[in-house]
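See structure below.
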Amino acid sequence: MLHNINLLPWREAKKLAHKRRFTYLIVFGVAVAFSFQWLGSWYLEGQRDIQQQRIDFLNQHIAILDKRISALKQAESQYRDLTSRLATVESLQRRRNKTTQLMDLIPQLIPQGVYVDQMSMNGHAIEISGISDSTARLATMLDLLENAPLISDVEMHSIVSGSVRFDKQFQSFKVSFLFDQSAMIDNKEVSS
């Protein structure tokens, strides 16, 4: 009778239970893996959305700053234009008073005994002709002209003796120099 005992249904039941448990575990493992994958993708999607919001926020502020920079560039351009115009007006103002400044300076540079007959101005070049009662006074005038800060390139063109005027002997002369009024303006700005 021993060979009539059949243990196979018990083994079959146990095998079937193992298969079911294995199937349940595989399904549960797949479900857990799918859940983790879904949660991971949901978390990463949320992080990507947060990062995109940050990027959008930064882009908005970059656009605002770009507008401010362009406004500053326009203001800087206007400032440069205004300073250029102001410099032009100042240079015109300086040139406008050139003759007056020269006429104020001439009495300081011409000593007594030297008389100016004619003065001509061509831009910065000034030419003076006149008479003097002595050579020493002409030398003094040349010294004053050469040491004046506003005057440069002093040249004595001629000294001729024997000119008679007012029943006296005089020496006629002709001198030229360059008048640089910007030195006067620079001196005034330094002193003020």
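Just so it is clear, none of the values below were taken in a lab; they were calculated from the coordinates. Computed from a predicted model, the values in this text were never measured in an experiment. Heads up, the Cβs are rebuilt from the backbone with ideal geometry, glycines too, and the neighbour counts pull from every protein chain shown.
Sticking with the crude label model, points 7 Å out along Cα→Cβ, report the distance from LYS73 to LEU44 in nm, one decimal please.
Label-label distance for LYS73 and LEU44, simple model: 4.1 nm.
Could you pull the Cα extents of the chain along its three principal axes, largest to smallest, in whole Å?
For the chain, the Cα spread along each principal axis is 180, 29, 27 Å.
On full extension of the chain, what length is gained from SER161 through VAL30, given 0.36 nm per residue of separation minus the C-alpha to C-alpha distance?
Full-extension gain reported as 34.5 nm.
With a length cut of 24 Å (Cα positions projected on each helix's long axis) and a Kyte-Doolittle mean of at least -0.5, go through the chain and give me the DSSP H helices that pass.
Details: long enough: 8-96 (128 Å, -0.46).
Flagged H segments are 8-96.
Could you work out how much longer the chain between GLN53 and SER152 gets when fully extended? Use 0.36 nm per residue separation minus the Cα distance between them, nm to one decimal.
Numbers: separation 99, 0.36 × 99 = 35.64 nm, distance 7.14 nm.
This chain segment gains 28.5 nm when fully extended.
So what is the relative contact order of the chain, in percent, for Cα pairs below 8 Å that sit 6 or more residues apart? Don't skip to the end; give the middle numbers.
On the way: 151 pairs, mean separation 28.0, N = 192.
Value for the chain: 15 percent.
As a check on your grasp of the helix formula, calculate [θ] at 222 nm for the chain: sum -39500 (n - 2.57) over DSSP H runs of n ≥ 4, divide by the residue count, round to the nearest 500.
-23500 deg cm²/dmol
Near the amide H of SER163, under 5 Å away, which other amide H atoms are found, from residues 5 or more places off or on another chain, if H is placed in the peptide plane?
Those lying under 5 Å, H to H, from SER163 are PHE170, SER172.
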